[in-house]
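No value in this document is a laboratory result; all are computed from the given coordinates. Small disclaimer: the values here were computed from a predicted structure and weren't measured. Neighbour counts are summed over all protein chains in view; Cβ atoms, including those assigned to glycine, are modelled from backbone coordinates with ideal geometry.
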Amino acid sequence: MANHKSSKKRARQNPSLNERNRYYRTRVKNVAKAITGAKSKEEANEAFKKANRYLHSMVSKGILKKNTAARKVSRLAAFINKIA
C-alpha cells in the first residue's frame, strides 16, 4: 500500500485514468476496423472521414501524439487506395 500522500492520490487516480485510456485505445482500433471491414470503397471513404476527424481530435485532447495520428491516417489512406 502507498505510504506517501502523493502516491495515495496516484493510487486513487490510476483506475479511472486506466479506464479512460482503455476506452480511447479501443475506439481508435474500432475506427480502423470500420475502414478495413468496409464492403465498398465509398463506405470505406465515409468511415475514413470519421476516423480522420476522430484521430485528430485525440491529438488536440493530448491523448495521441501528432505523428502517431498522422501515421495511422496515412496507413488507413493507403489501405483505401489499394481497394479497387
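Observations, loosely collected:
- If the condition is being exposed (fewer than 10 other Cβ atoms within 10 Å of the Cβ) and either among the charged types (D, E, K, R) or in contact with a Pro (Cβ under 7 Å, 6 or more places away or on another chain) (or both), then the stretch 50-84 contributes Lys61, Lys82.
- Flag if Ala69 is within 10 Å of the chain's Cα centre (by Cα), assigned to a helix (DSSP H, G or I) and free of Cβ contacts under 8 Å to residues at least 40 places away in the same chain: yes
- Cβ-Cβ under 7 Å pairs, at least 6 apart or on other chains, the stretch 3-22 side over 25 Å from Lys65 (Cα atoms), far side small (Gly, Ala, Ser) and surrounded by 10 or more Cβ atoms within 10 Å (Cβ to Cβ): Lys8/Ala2; Ala11/Ala2
- Of the residues making up the stretch 28-40, those that are in a helix (DSSP H, G or I) and loosely packed, with under 14 Cβ neighbours inside 10 Å are Lys29, Asn30, Lys33, Thr36.
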